[in-house]
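Peer 1: Handing you this structure, nothing more for now.
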Amino acid sequence: MTLPAIIQSYLDAYNRKDIAALVACVAEDVVFENVSNSGQSMKIEGRTAFAKLAEQSATMFTTRHQAISNAVVDDSRVALEVDWTGTPAIDLGPMKAGEQVAMRGASFMTIADGKLTRIVDLS
């Protein structure tokens with residue numbers, strides 16, 4: 001499965017917890033949404049807000065990894081089936097510090113001018 005280079009860069013940066021590289025993948029006016037079955041959904045707009053969220057999220061987990069099990073690429077739009085694993089650094093609701101968690105989800109991304117302009121994560 002071949003992903004667009006910007007998405008592969010984003011995933012690699014996410015898995016390394018390389019915030020600078022992650023933020024470099026998104027457009028200045030990026031829209032990021034996380035829609036959760038647990039009811040803790042959120043939406044942010046702009047690279048600055050995305051960078052702040054990415055920094056906070058990285059510190060909440062000692063490890064985290066997204067593996068792509070399926071992808072549909074349609075020009076500038078990409079749908080990903082994601083297998084996510086992580087180990088919380090702190091208790092996060094039902095997720096306990098030090099206990100590995102595994103979830104399946106989906107991500108929908110839009111690319112323009114070589115950057116991610118919209119990211120919607122469903123979990």
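The values are calculated or read from the model by the stated rules, or taken from the named source; none is laboratory data. Treat the numbers as computed from the prediction; the structure is a model and nothing was measured. Cβ placement follows ideal geometry from the backbone for every residue including glycine, while neighbour counts extend to all protein chains displayed.
Peer 1: Which members of the stretch 91-123 meet the condition of being under 29 Å from PRO4 (Cα atoms), surrounded by fewer than 16 Cβ atoms within 10 Å (Cβ to Cβ) and of a type in the set (Gly, Ala, Ser)?
Peer 2: ALA102, ALA106, ALA112, GLY114 - these are the residues of the stretch 91-123 that are under 29 Å from PRO4 (Cα atoms), surrounded by fewer than 16 Cβ atoms within 10 Å (Cβ to Cβ) and of a type in the set (Gly, Ala, Ser).
Peer 1: Consider only pairs whose beta carbons are under 6 Å apart and that are at least six residues apart or on different chains; among these, list those whose first residue lies in the stretch 27-45 and is surrounded by 12 or more Cβ atoms within 10 Å (Cβ to Cβ) and whose second residue is modelled with pLDDT under 95 and not in a strand (DSSP E or B).
Peer 2: Close Cβ pairs satisfying both conditions: VAL35/SER41; SER36/SER123.
Peer 1: Now for a different question. Is it the case that VAL30 is in contact with a Ser or Thr (Cβ under 7 Å, 6 or more places away or on another chain) and at pLDDT 95 or above?
Peer 2: yes
Peer 1: Okay, moving on. Among all residue pairs at least 6 apart or on different chains, which show Cβ distances below 7 Å where the first residue, located in the stretch 97-123, is among the aromatic types (Phe, Trp, Tyr) and the second is surrounded by 15 or more Cβ atoms within 10 Å (Cβ to Cβ)?
Peer 2: PHE108/VAL120
Peer 1: When THR48 is evaluated against the numbered criteria (1) part of a helix (DSSP H, G or I); (2) of a type in the set (Ser, Thr, Tyr); (3) closer than 15 Å to ASN15 by Cα, which criterion, by number, is the only one it fails?
Peer 2: THR48 satisfies all of (1) part of a helix (DSSP H, G or I); (2) of a type in the set (Ser, Thr, Tyr); (3) closer than 15 Å to ASN15 by Cα except (3).
Peer 1: Mind listing whichever residues of the stretch 1-37 are part of a strand (DSSP E or B), of a type in the set (A, V, I, L, M) and within 21 Å of ASP113 (Cα to Cα)?
Peer 2: Result: VAL26, ALA27, VAL30, VAL31.
Peer 1: Continuing with the same structure: Go through (1) under 12 Å from the mean Cα position of the chain (by Cα); (2) surrounded by 15 or more Cβ atoms within 10 Å (Cβ to Cβ) and name the single condition ILE6 misses.
Peer 2: (1)
Peer 1: Restricting the stretch 51-69 to residues that are outside any loop (DSSP other than H, G, I, E, B) and among the hydrophobic types (A, V, I, L, M, F, W, C), which is farthest from THR85 (Cα to Cα)?
Peer 2: This residue is ALA51.
Peer 1: Sticking with this structure for a sec: Would you check which residues across the stretch 70-96 are farther than 25 Å from GLU28 by Cα, touching a residue at least 24 places away in the same chain (Cβ under 8 Å) and among the hydroxyl-bearing types (Ser, Thr, Tyr) and list them?
Peer 2: Across the stretch 70-96, the qualifying residue is only THR87.
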